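Each remark here refers to the structure printed beneath this line.
The values are calculated or read from the model by the stated rules, or taken from the named source; none is laboratory data. Everything numeric in this text was worked out from a predicted model, so none of it was measured. Cβ placement follows ideal geometry from the backbone for every residue including glycine, while neighbour counts extend to all protein chains displayed.
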C-alpha cells in the first residue's frame with residue numbers, strides 16, 4: 001500500500017493533474033488531497049481518494065470543521081488523522097475514530113512514538129502510520145535512521161488487523177523496499193511525489209513494491 005499525501009504542495013488544477021499522473025504510473029496508490037479538492041479529484045480519477053484530515057463534529061452548528069459525512073458525500077473513502085503537521089489530542093482522536101466508525105470512513109492515524117502506537121492500537125483503526133517529524137522532507141528515510149523503532153512498531157501490531165505503514169524521508173524505491181523488509185505493509189509519502197519535478201521514477205518503483 002502506498003499513500004501519497006499532497007499536503008498543500010498541490011491544489012486545484014495542479015492537484016488534479018498530479019493525481020492523474022499518479023494513476024498513470026502507480027494505479028494502486030491512495031492519494032490524500034485537501035478537503036476543497038476532494039469532489040473534483042474523485043470525479044476525475046479511479047484511484048482511492050482520502051481526505052488529509054477529518055473532525056469528530058456532527059452536522060449542524062459546527063462551522064469550519066471537516067465532517068466525516070462531507071468526505072463520504074464527496075466520494076472519498078478515508079482520511080489521514082493526527083499527521084505530524086496537524087496533531088490532535090488523544091481525546092479527540094478517540095472521538096474521531098468513533099464518529100468515522102459510525103459512517104464507515106477508514107482512518108490512517110499517524111503516530112510519532114511507540115507509546116502513542118500502543119494507545120492507538122486499542123482503537124483498532126484501518127491503519128497506523130509511524131513517522132518521525134524530524135525526518136519529514138529531509139530525504140533521510142525513517143527506514144534507515146529509525147529502523148529499530150520501525151521493527152518495534154511492526155511488532156506492536158503483529159496480532160491485529162491494523163495495517164502498519166511508515167513514513168518520513170522516504171524518497172526512493174529502495175526506501176519503499178526497506179520499509180517492506182522491516183515488516184510494514186506500505187508507506188506514507190509526500191515530498192517524493194507532491195514536491196518533486198519528476199515523480200515518475202518513484203511512482204514506477206513504488207508500484208512494484210508496496
Exercise for the section: Answer with yes or no whether residue 100 is closer than 24 Å to residue 75 by Cβ, assigned to a helix (DSSP H, G or I) and either more than 17 Å from the chain's Cα centre (by Cα) or modelled with pLDDT of 95 or more (or both). Expected result: yes
Problem - Filter result for residue 156 (in contact with a helix residue (DSSP H, G or I) (Cβ under 7 Å, 6 or more places away or on another chain) and surrounded by fewer than 21 Cβ atoms within 10 Å (Cβ to Cβ)) - result: yes
Practice task
Taking the options 35, 29, 51, 76, name whichever one is at pLDDT 95 or above, under 15 Å from the mean Cα position of the chain (by Cα) and under 24 Å from residue 119 (Cα atoms).
Solution key: 51
Handout entry: Test set (1) at pLDDT below 95; (2) touching a strand residue (DSSP E or B) at 6+ places or on another chain (Cβ under 8 Å); (3) over 30 Å from residue 175 (Cα atoms) - residue 84 fails condition number
Key = (3)
Problem - region 101-115: number of residues that are in contact (Cβ under 8 Å) with a residue 12 or more places away in the chain and out of contact with any strand residue (DSSP E or B) (no Cβ under 7 Å at 6 or more places or on another chain) - result: 4
Practice task
Return a yes/no flag: does region 119-126 have any residue that is without any contact (Cβ under 8 Å) to a residue 40 or more places away in the chain, on the phi > 0 side of the Ramachandran plot and either in contact with a helix residue (DSSP H, G or I) (Cβ under 7 Å, 6 or more places away or on another chain) or surrounded by fewer than 16 Cβ atoms within 10 Å (Cβ to Cβ) (or both).
Solution key: yes
Fill in the blank from the handout: Of the candidates 101, 208, 169, the one satisfying the condition of being over 18 Å from residue 81 (Cβ atoms) and surrounded by fewer than 21 Cβ atoms within 10 Å (Cβ to Cβ) is 208
Problem - Check on residue 143, touching a residue at least 12 places away in the same chain (Cβ under 8 Å), crowded, with 17+ Cβ neighbours inside 10 Å and within 26 Å of residue 77 (Cβ to Cβ) - result: no
